[in-house]
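Engineer: Mind having a look at this structure? Questions to follow.
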Amino acid sequence: MASIDAMERAKARRRRVALATLAGLAALGFAAGAVTGSGPGSDPGGRPSVRCPEQRTPAVGCGDDRAAAGGGAAASTPRPTLAAGLTPAQLAGERIVVGLGGTGLTPELRGAIHAGKVAGVVLFEADFPSRRTGRELIDALQAVPRPPRLRRFPLLVMTDQEGGQVKRVSGAPHVPAAMMGAEGAGFAHHEGRATARNLRSLGVNVDLAPVLDVARPGGVIAATERGFGATRAQVAATAVPFATGLQDGGVAATAKHFPGLGAATENTDFEAQRIDLSKAELRDVDEAPYRAYINAGGRLVMLSTAIYPAFGNRPAAFNRRIVTGELRRRLGFRGVTITDSLGSAAVAEFGGQREAAVDGAAAGDDLLLFDDLPSALAGHQALVKQLAKGGLKRPPFLAAVNRVLRLRASLF
């Protein structure tokens, strides 16, 4: 195995290559926004980020992002983006993330990646029978040839590395989120940095953590020690430093499950949940940690699949009032949104995978998380069809793809 110093030198070389690629894209007119390599325009890890004129904190994508937040000048005259020149099938592919669950790199998955139909994968325990095997799988995934306009962008390789009961690989974090919350901000940040080192050593570039749910007593989040605290202040004070630690170490963080799952009595993977809290309480308590996360430069937010009657009778991931209204407009999030599992019991009641893909994209979800490749390809086909028919409007679709590609470009 290479020494740590050698690995760091290799990472530095990859960073220089990626920065040169981004600079070349900007010169060709593909980039939207100003890319800077240091100072206030960089994220906490020193990687280049994009600053929207109206936003104080760095963002993953700007340019035509307003199209996804309800129109404006950018909706009618989108600026050139990284999505320029992609085919409809490739555009739809940038919305697709597929879970492997031990299947490995099958010929079918290889073909989907080669065709640009998949932007990322999610790995589980079965994909890491050993650390070496997991690393070999990820290297093989990244080595699959992609369409010319997508070759420069690494695949998003995700896993749920929260700590405690939800932990896909050995190593950091060493304790559950509840213990990090009890130990304080410094400890949580240290665990975030250690987790980033752990995941980067395997090739994982996105952690589907931290949980920002306010862990109410009696709820499933508190019972499983997945929450950082029982108050909004404690969650913000400790979960956000964990996220910052991840991103300082070169792994994108994913806050979940917006607008908050702390009052749920069961995991939405296994049972549909209704969160009967008022709009005022959801905003004042459950959404509050997300404002701190956004202000700290958090890269991704995962949408819950629970139903919040205060905002309507559809799961949050399919509810435009929540995804676009609350998260994007009210809280000002400009990063990448991703659904929770579309194979969950909570989603099954609202139609099949094709319907879930279209409904999620229409609500404002950038990435759609499918449990397996057949479901993902069915969702992909539905997106292509609706994009062609106009059921999904092109400007916000391009804005979503641009955000995803900017995220991929930053994770070298």
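The values are calculated or read from the model by the stated rules, or taken from the named source; none is laboratory data. It should be emphasised that the depicted structure is a prediction, and the values quoted were computed from it without experimental measurement. Here the Cβ is made from the backbone with ideal geometry for all residues, glycine too, and neighbour counts use every protein chain on show.
Engineer: Go through Val347, Val358 for me and flag whichever is β-branched (Val, Ile, Thr), in a helix (DSSP H, G or I) and at pLDDT 95 or above.
Structural biologist: The match here is Val358.
Engineer: Return the only residue of Arg334, Arg406 being at pLDDT 95 or above, farther than 25 Å from His114 by Cα and within 14 Å of the chain's Cα centre (by Cα).
Structural biologist: From the options Arg334, Arg406, the qualifying one is Arg334.
Engineer: Among (1) closer than 19 Å to Phe270 by Cβ; (2) in contact (Cβ under 8 Å) with a residue 60 or more places away in the chain; (3) in contact with a Gly (Cβ under 8 Å, 6 or more places away or on another chain); (4) of a type outside the set (Gly, Ala, Ser), which single condition is Asp340 missing?
Structural biologist: (3)
Engineer: Could you list all residues from the stretch 155-195 that are part of a loop (DSSP other than H, G, I, E, B) and touching a strand residue (DSSP E or B) at 6+ places or on another chain (Cβ under 9 Å)?
Structural biologist: Leu155, Asp160, Arg168, Val169, Gly171, Ala172, Pro173, His174, Val175, Pro176
Engineer: Scan the stretch 206-249 for residues that are within 19 Å of Ile338 (Cβ to Cβ) and of a type in the set (Gly, Ala, Ser) and report the count.
Structural biologist: The total comes to 3.
Engineer: If Thr195 meets every condition in (1) within 19 Å of the chain's Cα centre (by Cα); (2) touching a residue at least 40 places away in the same chain (Cβ under 8 Å); (3) under 24 Å from Glu94 (Cα atoms); (4) surrounded by 20 or more Cβ atoms within 10 Å (Cβ to Cβ) apart from one, which number is that one?
Structural biologist: Looking at each condition in turn, Thr195 falls short on (3).
Engineer: Can you tell me which residues in the stretch 110-126 are part of a loop (DSSP other than H, G, I, E, B), aliphatic (A, V, I, L, M) and over 12 Å from Pro154 (Cα atoms)?
Structural biologist: Ala115
Engineer: Report every pair of residues separated by at least 6 positions or lying on different chains whose Cβ atoms are under 6 Å apart, first residue within the stretch 128-149 and surrounded by 12 or more Cβ atoms within 10 Å (Cβ to Cβ), second in a loop (DSSP other than H, G, I, E, B) and modelled with pLDDT under 95.
Structural biologist: Arg149/Gly85
Engineer: Further, regarding this structure: Mind telling me which of the residues Ala361, Ala388, Ala382, Ala378 ends up being in contact (Cβ under 8 Å) with a residue 24 or more places away in the chain and buried (at least 24 other Cβ atoms within 10 Å of the Cβ)?
Structural biologist: After applying the criteria, what remains is Ala361.
Engineer: Going by the conditions given, is Ala172 buried (at least 22 other Cβ atoms within 10 Å of the Cβ), within 30 Å of Phe228 (Cβ to Cβ) and touching a Gly at 6+ places or on another chain (Cβ under 9 Å)?
Structural biologist: no
Engineer: Can you tell me which residue is surrounded by the fewest Cβ atoms within 10 Å (Cβ to Cβ) among those in the stretch 205-260 that are polar (S, T, N, Q) and assigned to a helix (DSSP H, G or I)?
Structural biologist: Gln234
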